[in-house]
1. Mind sorting 184, 236 by how few other Cβ atoms lie within 10 Å of their own Cβ, fewest first?
2. What FRET efficiency comes out for residue 212 versus residue 76 if R0 is 51 angstrom and r is the Cβ-Cβ distance? Round to the nearest 0.05.
3. Using only alpha carbon pairs under 8 Å that are at least six residues apart, calculate the relative contact order of segment 108-208 and give it in whole percent.
4. Looking at the calculated P(r) for segment 108-208, what percent of the C-alpha pair distances fall above 24 Å?
5. May I ask you to order 111-117, 198-204 by the average number of other C-beta atoms within 10 Å around their residues, highest value first?
6. Computed over the Cα atoms of segment 122-168, what is the convex hull's projected area averaged over all directions, in nm²?
7. How long are the three semi-axes of the equivalent ellipsoid of segment 64-104, in whole Å, if each is the root of 5 times an eigenvalue of the C-alpha gyration tensor, listed from largest down?
């Protein structure tokens, strides 16, 4: 009886294995569960950090802007222009708050469609041109006008039609440089307020109706013919002046005239012609007439011969053209030539012998 309670207080000597197994599992499972929960928490934190870093990277990349060398970046913050235009390079903006608009600063080539109009001298033409411009103020180019390209094109078209109405056809064809300058000033005046500078305006082509082209061609041909006639007349005038000078010099020196006559005879003889025509010296007849006595019978005969020869020469000079045509019509030119030669020969014989009747 004594030993029973003592043994009860000391504990049982025999322990059930099943009960010991259940107790062991309950005591050793709690630390394992705590370690697994800690691993899960660490993984969750790492995942959150990775997501945060990815979000920060996306946000940072969306806030980076690259402005090229020929561009300027205009930043709008809550709809208003913020700061000066960004220069070329890397620029940072606040995502969701800032918005950047890039403006091209290069020279822009803008073709103007052909415009139909009536010139000051009532000629219908079609003119097309090209405009070269660039942006000098990005803020004004974006804020002041909705689409500066379209605005410049419309102003250029209206200005071109105005220039056509103020100019005549000759100015459009020949004075294009002045028209280009006037057109440039007309377009540049409103474009300055938009932050646009007009570099240059060029008229490309002036199209005319076909009827006008033909008329201009005829006019140009007539003008060329007129110039040719003027040049020919000027040449004849200069030649006549030279001939007049030569005649004056030959008149001063009679020997030169005789020398020229001999040269002409030699040139004609060199052509091997069967007929040789020599000029009759009318001055010689006048000299003989003036130096012959009027009272003598021989002088009267000589005077009659001289007058007859003079009349024959004058009639030959007046009717040389008509005589040639008649000779061609009748087919007997040799007979007329012989008659003229006989008259001249008779006059010469009368002058030398003083008996024109017998010589004839």
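1. Working: 184 20, 236 10.
Lowest to highest Cβ neighbour count: 236, 184.
2. Working: r = 54 Å, r/R0 = 1.07.
Rounded to the nearest 0.05, the efficiency is 0.40.
3. Computed over segment 108-208, the figure is 41 percent.
4. Numbers: 1135 of 5050 pairs.
Everything past 24 Å amounts to 22 percent.
5. Numbers: 111-117: 15.7, 198-204: 17.3.
By packing density, highest mean first, the sequence is 198-204, 111-117.
6. Values: hull surface 16.2 nm².
Average projection, Cα convex hull of segment 122-168: 4.0 nm².
7. Values: eigenvalues 55, 23, 10 Å².
Whole-Å semi-axes of the equivalent ellipsoid: 17, 11, 7.
Here, each number is a calculation from the coordinates, and none is a lab measurement. On a predicted model such as this, the values are computed, not experimentally measured, just so you know. All Cβ positions, even for glycine, are placed from backbone atoms using ideal geometry, and neighbour counts span all protein chains on display.
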